[in-house]
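Data block below; observations after.
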Amino acid sequence: MTKTLIGRNVEIAWPDLGITVTAELDDRNPALADALWESLPYQSLQGHALVAGSHLYHMAPIHSLLHTHASHRIPDRRDAPDGTVFCSALQHLGIKYGTLTEPMPASPVGQVRPEDLPALREAGQAVWDAVYSTKKPIMVEVRRAGTAGGHRIPRLAATDADADQLIRDIHAETDRIWLTPPPELADLHQGWIPSGAGSFETVLPTLLFVNGETRPLGYATYGGLIRGAVSDMPIDALRHMARLLVGIPAEFLGYCGLEKLWAFTQRFLACVDRLDREDFLALSCQMALYINCLGGWNLHLFPWDAGDHLRRQRPVEVSAPA
């Protein structure tokens, strides 16, 4: 039986929309619920699912979401009631507010109060309009119910001097772009590409490739390295996998305009062979948060309505022979 964690109510607010809903945390995933509760308050760019349906999600500045074990998983999030709040290893806080099409397991941590579901659905539609067409950033604030809001990006630390300085620099850049579009991405989406990337002066293919490389670099590559570090994968193997996996996509993204990401990656690779497990984990977590932040902004800025003339076709119903 699911139990509400008494007194652990979370307000999720979209100040630009004048909408606030309250979610009650429960005991289905206590470690994830604890991680969320201890991180509050924070603010983030609100995103919306682009292929899964009526689902809100945003980047949560919580390093431990990348590796905290979920003790309970819903086999198919399509079956979850509207208003279910999830935490994911992609560093997302998500909320189902209507019909979903993507069958996937998910880790619930709470539930929006029934009386707030109409407001949640109103927020969902407004965020979809912003992500798909208007491009006006909508910020979300998550806070303990009845308390003041606020915001901070957590910074980790390393014993290796070069790694620790790199963490500081990555943290500073993440903090700078968390609530403001990264200038290099904003320029890219306006067609300003210093390297000349984009065959025959096109821009859309470059935007598509940047999106296609940024998300897996943060979600899969760094997320995988972090989970490997936490699960006691040998440190020599972790260093080797890092050298194999992070350089090529980061160099390509640097060519496309994400020069800070490529510079950070080069510094990461320059010190990775001398990092112990704790330093490797700290630096990888700080990199993941930064890259996932870039990915969130890229998803918001991308001109999705350029394909508005394309709509999913329904299968043709064939009548049975008489």
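The table for this structure:
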quantity: Condition met for ALA270 (closer than 22 Å to GLY47 by Cα, assigned to a helix (DSSP H, G or I), open to solvent by 10 Å² or more (accessible area, probe 1.4 Å) and touching a residue at least 60 places away in the same chain (Cβ under 8 Å)); calculated: no
quantity: The listed residue being at positive phi and open to solvent by less than 70 Å² (accessible area, probe 1.4 Å), out of GLY296, GLY257; calculated: GLY257
quantity: In segment 221-234, residue farthest from the chain's Cα centre (by Cα) [restricted to those that are closer than 26 Å to THR174 by Cβ and not in a helix (DSSP H, G or I)]; calculated: MET233
quantity: Any chance TRP14 is in contact (Cβ under 8 Å) with a residue 40 or more places away in the chain and surrounded by fewer than 20 Cβ atoms within 10 Å (Cβ to Cβ); calculated: no
quantity: Residue in segment 92-102 that is out of contact with any strand residue (DSSP E or B) (no Cβ under 8 Å at 6 or more places or on another chain), open to solvent by 50 Å² or more (accessible area, probe 1.4 Å) and either more than 22 Å from SER39 (Cβ to Cβ) or aliphatic (A, V, I, L, M) (or both) present; calculated: no
quantity: Residues that are over 18 Å from TRP14 (Cβ atoms) and among the β-branched types (Val, Ile, Thr), drawn from segment 91-124; calculated: THR99, THR101, VAL109
quantity: Failed condition for HIS55, given (1) part of a loop (DSSP other than H, G, I, E, B); (2) within 20 Å of ARG215 (Cβ to Cβ); (3) open to solvent by 10 Å² or more (accessible area, probe 1.4 Å); calculated: (1)
quantity: Restricting segment 294-322 to residues that are under 30 Å from LEU217 (Cβ atoms) and in a loop (DSSP other than H, G, I, E, B), the residue that is modelled with the lowest pLDDT; calculated: ARG312
quantity: Cβ-Cβ under 6 Å pairs, at least 6 apart or on other chains, segment 131-144 side modelled with pLDDT of 95 or more, far side hydroxyl-bearing (Ser, Thr, Tyr); calculated: VAL140/SER44; VAL142/TYR42
quantity: Pairs with Cβ under 6 Å, 6+ apart, first in segment 293-309 and touching a residue at least 60 places away in the same chain (Cβ under 8 Å), second open to solvent by 60 Å² or more (accessible area, probe 1.4 Å) and assigned to a helix (DSSP H, G or I); calculated: GLY295/ARG215
quantity: Residue under evaluation GLY53, criteria (1) small (Gly, Ala, Ser); (2) touching a residue at least 60 places away in the same chain (Cβ under 8 Å); (3) out of contact with any His (no Cβ under 7 Å at 6 or more places or on another chain), criterion not met; calculated: (2)
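The values are calculated or read from the model by the stated rules, or taken from the named source; none is laboratory data. Since the structure is predicted, the reported quantities are computational estimates derived from the model, not experimental observations. We place every Cβ from the backbone using ideal geometry, glycine too, and count neighbours over all the protein chains shown. SASA here: full protein model, heavy atoms, side chains in, ligands and nucleic acids out. Shrake-Rupley method; radii C 1.70, N 1.55, O 1.52, S 1.80 Å.
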